[in-house]
Amino acid sequence: MHNDERLKRLAALTNDPKSAFTIRFFIVLTILFVILGGVLLFYSLGVQQVTLRYDNLSNCVGVKTCSLTINLENDISGPVFVYIRIDNFFQNHIEYLKSKDPSQAYGGSLSSADRCDPVRFNRDTGRSVSWNGSQLDPGAIANPCGYMAKSLFNDEFRIFDPSGHFVSVSTNGIAWPVDREKSRLAPDSNVSQWIKTTDERYLNWIRPSPGNVITKLWGRIERDLPAGKYTISIDLSKTETEKWMTVCRL
């Protein structure tokens, strides 16, 4: 009997909107979304970008260095952002995500690297010197360890403007602020770390992407880029993935 009374009271509290209210509600909601869509369209039309896939270009296959040309049809005011995109690379795979130790990005050291399998020791990284050129102990625990660090995207781009002048690309400010604030070098990083763990490209890389298409901010150009043909020289790494480069202004 008690339960029946409670159900009656709950039924009395059920919202039963009238048709007039429903119509007004959806009209207001529609107006808000139209305004929001207009704002997003306005800003998206202001985006200037050039995107080019380069791993399949004839002069970039089977070589260590190649060059390509991109054409900017209009002037682009700075800052200009350089992105890299890699297709068919699953950073969200569980085994890939587990093969790392986050504390190493914050200056920590390990007594065991079991969680970093299969890249546990310096000899597993394929590197013999630290980030500043000092000799590494092959049997020491890799810092950073894990496959996520070893798979770091390391193609290098050198950009030259239409006049042939080198265009400097900065890495300052490209990582998330929280990552920049927390990242630290190990006390003996000069002789123990094969990657500089405060490098913002590395910090961007170890923040995994959710799907099989990875887009990472590679650098920023703190100057205007006049219209014209730009030459890009690329030092290539050996990866079996689709690789793209984007130059854009947001």
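For first residues located in the stretch 35-56 and outside any loop (DSSP other than H, G, I, E, B), partners that are open to solvent by less than 50 Å² (accessible area, probe 1.4 Å) and not hydrophobic (A, V, I, L, M, F, W, C) and lie 6+ apart or on another chain with Cβ distances below 6 Å form the pairs Q49/T246; T51/T246.
Apart from one condition, Q91 fits all of (1) under 30 Å from Y230 (Cα atoms); (2) open to solvent by less than 70 Å² (accessible area, probe 1.4 Å); the exception is (1).
Select, from S99, S67, S111, the only residue that is modelled with pLDDT of 85 or more and more than 30 Å from I159 (Cβ to Cβ).
Values: S67 fails: more than 30 Å from I159 (Cβ to Cβ); S111 fails: modelled with pLDDT of 85 or more.
Answer to the check: S99.
Screening N172, N132 for residues that are modelled with pLDDT under 90 and more than 16 Å from G108 (Cα to Cα) leaves exactly one candidate, N132.
Can D124 be described as farther than 18 Å from P187 by Cα, out of contact with any Ser or Thr (no Cβ under 8 Å at 6 or more places or on another chain) and at pLDDT below 90? Even if it seems obvious, please write down each step before you answer.
Values: farther than 18 Å from P187 by Cα: yes; out of contact with any Ser or Thr (no Cβ under 8 Å at 6 or more places or on another chain): yes; at pLDDT below 90: no.
Against the criterion (farther than 18 Å from P187 by Cα, out of contact with any Ser or Thr (no Cβ under 8 Å at 6 or more places or on another chain) and at pLDDT below 90), D124 does not qualify.
Screening the stretch 60-78 for residues that are part of a loop (DSSP other than H, G, I, E, B) and touching a Leu at 6+ places or on another chain (Cβ under 9 Å) and picking the one that is most open to solvent (accessible area, probe 1.4 Å) gives K64. Taking each residue of the stretch 137-148 that is open to solvent by 50 Å² or more (accessible area, probe 1.4 Å) and looking for partners that are charged (D, E, K, R) with beta-carbon atoms closer than 7 Å, six or more apart or interchain, yields P138/R123.
Could you please let me know if G133 is free of Cβ contacts under 8 Å to residues at least 24 places away in the same chain and open to solvent by less than 80 Å² (accessible area, probe 1.4 Å)? Yes; evaluated as a whole, the condition is true for this residue.
Within the stretch 157-170, none of the residues are out of contact with any Phe, Trp or Tyr (no Cβ under 6 Å at 6 or more places or on another chain), closer than 28 Å to N92 by Cβ and of a type in the set (G, A, S).
Matching residues to (1) under 30 Å from N71 (Cβ atoms); (2) of a type in the set (K, R):
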position: R123; (1), (2): no, yes
position: W131; (1), (2): no, no
position: S134; (1), (2): no, no
position: A142; (1), (2): no, no
position: F153; (1), (2): yes, no
position: E156; (1), (2): yes, no
position: F166; (1), (2): yes, no
position: W176; (1), (2): no, no
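The values are calculated or read from the model by the stated rules, or taken from the named source; none is laboratory data. All values derive from a computational prediction rather than experimental measurement. When we count neighbours, we look across all protein chains shown, and the Cβ atoms used for this are built from the backbone with ideal geometry, even at glycine. Keep in mind that these areas ignore ligands, DNA and RNA; they rest on the heavy atoms of the full protein, side chains included. Shrake-Rupley method; radii C 1.70, N 1.55, O 1.52, S 1.80 Å.
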